[in-house]
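Read through the structure below, which is laid out as structure tokens, and then see the notes.
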Amino acid sequence: LVFAAVLIYSSGKVIFGGEDDGEEDFSENQIVKFSNNIISSTDKFDGDRFFTEVNGIKMATPMLLCMVAVEISDVVFAVDSIPAVFGVTENPLVVFTSNMFAIMGLRSLYTILSKAASELKYLDKAVAVVLGFIGGKMVAEFYGYELPTELSVGVVITMLGSGVLLSLLENSED
């Protein structure tokens, strides 16, 4: 139920939350604070180096903090996607392989996905609906009500397809 609650909360936050396109102050970011507690860092880049010397002291550059943030997000993605896959199937082999393929392909597809996501206005809302559905399905299964896998896959495909289609239709009108 904890994973279901996280999925439903995340869904609601995206659907009902406000637009937050402002620039973020990364000095207050939890990952940056965590990394700074482990190793001292500087705010200055030194080319593509992870470490630099400042006043004779070896310090991490923002490049290292960026790499740490990317790796932590990979781990969070891996942990977060497991309950979503369990919402569709309970076959451990399918859960494991889909999670591994997602992690391996995520970084290589990031550029394409980020561009597509910026052009597909309704995709984030469609993904949020899918997350809410999967969370609701997990709650229903906890209380003994089983939804067929075909229905779950159908809802996922319909919601994502609708989000993409509505976005493309709106883009073509502009």
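The values are calculated or read from the model by the stated rules, or taken from the named source; none is laboratory data. Everything quoted here is computed from the prediction, not taken from an experiment. As a convention, Cβ positions derive from the backbone with ideal geometry for all residues, glycine included, and neighbour counts pool all protein chains shown. Accessible surface is based on the protein model in full, side chains and every heavy atom, while ligands, DNA and RNA are left aside. Shrake-Rupley method; radii C 1.70, N 1.55, O 1.52, S 1.80 Å.
Of the residues contained in the range 28-38, none is found to be at pLDDT below 70, closer than 18 Å to VAL156 by Cβ and assigned to a helix (DSSP H, G or I).
Considering only the range 130-154, state which residues are surrounded by 17 or more Cβ atoms within 10 Å (Cβ to Cβ) and polar (S, T, N, Q). Of everything in the range 130-154, just one residue is surrounded by 17 or more Cβ atoms within 10 Å (Cβ to Cβ) and polar (S, T, N, Q), namely SER152. For the range 115-129, a residue qualifies if it is touching a residue at least 60 places away in the same chain (Cβ under 8 Å) and open to solvent by less than 40 Å² (accessible area, probe 1.4 Å), and exactly one does: ALA128. Of (1) out of contact with any Phe, Trp or Tyr (no Cβ under 6 Å at 6 or more places or on another chain); (2) of a type in the set (A, V, I, L, M); (3) open to solvent by less than 90 Å² (accessible area, probe 1.4 Å); (4) farther than 18 Å from ILE82 by Cα, ILE157 satisfies all except one. Which? Answer for ILE157: the failing condition is (3).
ASP21 falls short on exactly one of the conditions (1) open to solvent by 60 Å² or more (accessible area, probe 1.4 Å); (2) at pLDDT 70 or above; (3) of a type in the set (D, E, K, R), and that condition is (2).
Among the listed residues GLU150, GLU141, which satisfies the condition of being modelled with pLDDT under 85 and of a type outside the set (Ser, Thr, Tyr)?
After ruling out the rest, the residue left standing is GLU141.
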